[in-house]
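A.B. asks: Encoded as structure tokens, here's the structure I'll be asking about.
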Amino acid sequence: MQTIHVCNHTTPEAIYPFDARGIAKRFRHAAIFGALDALMPGETMRFCNDHDPLPLLGQLQQRYGEKVTITYQQREPGAIVIDFARVG
């Protein structure tokens with residue numbers, strides 16, 4: 001059985017949902033950078049999208065380096081869920 005992660009609530013573990021599907025494509029990267037900049041160390045943004053954002057991941061690695069970890073929670077066509085965790 002497959003586990004499907006849902007992006008519609010805040011959890012007590014400091015995981016904050018970010019559903020990119022509802023943001024106009026031209027604003028998405030700026031909104032994502034702003035959300036990651038707002039995270040405190042130890043907090044996680046759970047990112048949901050309809051496609052695998054490989055160019056964005058490269059930009060995030062360049063901008064944040066080791067300050068943000070990237071962990072796929074779900075990686076299926078049309079259903080991508082990635083946790084971006086702020087480190088120290």
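A.B. asks: Looking at the stretch 39-67, which of the residues that are hydrophobic (A, V, I, L, M, F, W, C) and outside any helix (DSSP H, G or I) is farthest from the chain's Cα centre (by Cα)?
C.D. replies: Met40
A.B. asks: If you check Ile32, Ile70, which single one turns out to be assigned to a helix (DSSP H, G or I), β-branched (Val, Ile, Thr) and modelled with pLDDT of 95 or more? Give the steps one after another, and end with the answer.
C.D. replies: On the way: Ile70 fails: assigned to a helix (DSSP H, G or I).
Answer to the check: Ile32.
A.B. asks: For Ala85, which of the numbered conditions (1) more than 9 Å from the chain's Cα centre (by Cα); (2) crowded, with 18+ Cβ neighbours inside 10 Å; (3) in a strand (DSSP E or B) fails to hold?
C.D. replies: Single failed check for Ala85: (1).
Residue by residue, here is whether (1) aliphatic (A, V, I, L, M); (2) free of Cβ contacts under 8 Å to residues at least 40 places away in the same chain holds:
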site	(1), (2)
Lys25	no, yes
Ala30	yes, yes
Phe33	no, yes
Met40	yes, no
His51	no, yes
Arg63	no, yes
Ile80	yes, yes
Asp83	no, no
Val87	yes, no
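A.B. asks: Keeping to the stretch 54-84, report how many residues are of a type in the set (Phe, Trp, Tyr) and closer than 13 Å to Phe33 by Cβ.
C.D. replies: 2
A.B. asks: Which residue pairs have Cβ atoms under 7 Å apart, sit 6 or more places apart or on different chains, and have a first residue in the stretch 9-22 that is assigned to a loop (DSSP other than H, G, I, E, B) and a second that is among the acidic types (Asp, Glu) and at pLDDT 80 or above?
C.D. replies: Ala14/Glu43
The values are calculated or read from the model by the stated rules, or taken from the named source; none is laboratory data. Here the structure is a predicted model, which means the values were calculated and not measured. Glycine gets a Cβ as well: all are built from the backbone with ideal geometry, and neighbour counts include every protein chain shown.
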